[in-house]
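One structure is given here, and the rest of the page talks about it.
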Amino acid sequence: MSLISKKLKSIEFVIFDCDNILINSDTLIISVMLDMIEDHGKKLNLDKAIALFGGKSLEKCIPILEKICQTQFDESHLTKCLDTEMISGLEPALGVEKFINNLKVPYCLATKLTNDVLNRKLSLSGLTPYFKEHQITNNIADSYSNSVLQIAAINGFTPCQTLVIKDRPDDYQDMKKYGFIVAGICHLPSLENNNNILFYHDINELYEFVQIG
């Protein structure tokens, strides 16, 4: 059994991020990017689009889009396009409801999203009921790793008892340094499992691997 496999057996608390972990944010952003690229007479296949835009915020996608299309884009217009996509296409990430329903340990949600944006996304995706009786920490302005360290402590758990499921890898190394077990979506084939970080392609893989509780 690998080191991370052993550590996962000791999980007593789970902290979820929101975008791409609970909901299909990447799918919507990539759809908007591909629409813009096609509208400007360019072509990009889906695999390449995932590699370029996967795991990135809209703000970070715009410079890449502008380089491909050789033109500037109005962020407010792209935001409106994404908002339209959200209304019709925002859904729970594949397998996330099954994962939550089968958890036998406490869990919470920690995100940098503002309260209004978070509530809207949970409502549109139908996930609000899953967090009505669970702690939600949003609008995180400080580093994500410091915030989850405080959340775990407030709930009476150490980092080594806590699984953090997060999409964007900015804070992976800091969370690993604190001793958290971290699971994140693998957007690039170069990402590999190591001592405290488990990369997966969708949460179904994590459900089969972890079996928490």
Anything in the range 6-33 that is more than 17 Å from the chain's Cα centre (by Cα), β-branched (Val, Ile, Thr) and at pLDDT below 95? List them, or say none.
Ile11
From the residues in the range 173-192 that are over 17 Å from the mean Cα position of the chain (by Cα) and more than 13 Å from Ser145 (Cα to Cα), which one is modelled with the highest pLDDT?
Glu192
Here is a check on your reading of the model: is Val96 surrounded by 15 or more Cβ atoms within 10 Å (Cβ to Cβ), in contact with a Leu (Cβ under 6 Å, 6 or more places away or on another chain), of a type in the set (A, V, I, L, M, F, W, C) and touching a residue at least 40 places away in the same chain (Cβ under 8 Å)?
yes
Flag if Leu109 is among the aliphatic types (A, V, I, L, M) and over 15 Å from the mean Cα position of the chain (by Cα)
no
Is there a residue in the range 92-104 that is in a helix (DSSP H, G or I) and in contact with a Pro (Cβ under 6 Å, 6 or more places away or on another chain)?
no
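Please work out if Thr137 is of a type in the set (Val, Ile, Thr) and farther than 21 Å from Leu122 by Cα. Break it down stepwise before answering.
Details: of a type in the set (Val, Ile, Thr): yes; farther than 21 Å from Leu122 by Cα: no.
Spelling it out, it is not the case that Thr137 is of a type in the set (Val, Ile, Thr) and farther than 21 Å from Leu122 by Cα.
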Answer with yes or no whether His77 is assigned to a loop (DSSP other than H, G, I, E, B), over 20 Å from Asn24 (Cα atoms) and either modelled with pLDDT of 90 or more or not hydroxyl-bearing (Ser, Thr, Tyr) (or both).
no
Residue check: is Gly54 at pLDDT below 90, more than 20 Å from Leu118 (Cβ to Cβ) and not assigned by TED's automatic domain parsing to the domain that holds Asn139?
yes
Of the residues that make up the range 123-145, is at least one at pLDDT 90 or above and among the charged types (D, E, K, R)?
no
Go through the range 41-69 and report how many residues are surrounded by fewer than 13 Cβ atoms within 10 Å (Cβ to Cβ), more than 24 Å from the chain's Cα centre (by Cα) and not in a helix (DSSP H, G or I).
2
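The values are calculated or read from the model by the stated rules, or taken from the named source; none is laboratory data. Computed from a predicted model, the values in this text were never measured in an experiment. Neighbour counts run over all protein chains shown; Cβ positions are idealised from the backbone, glycine included.
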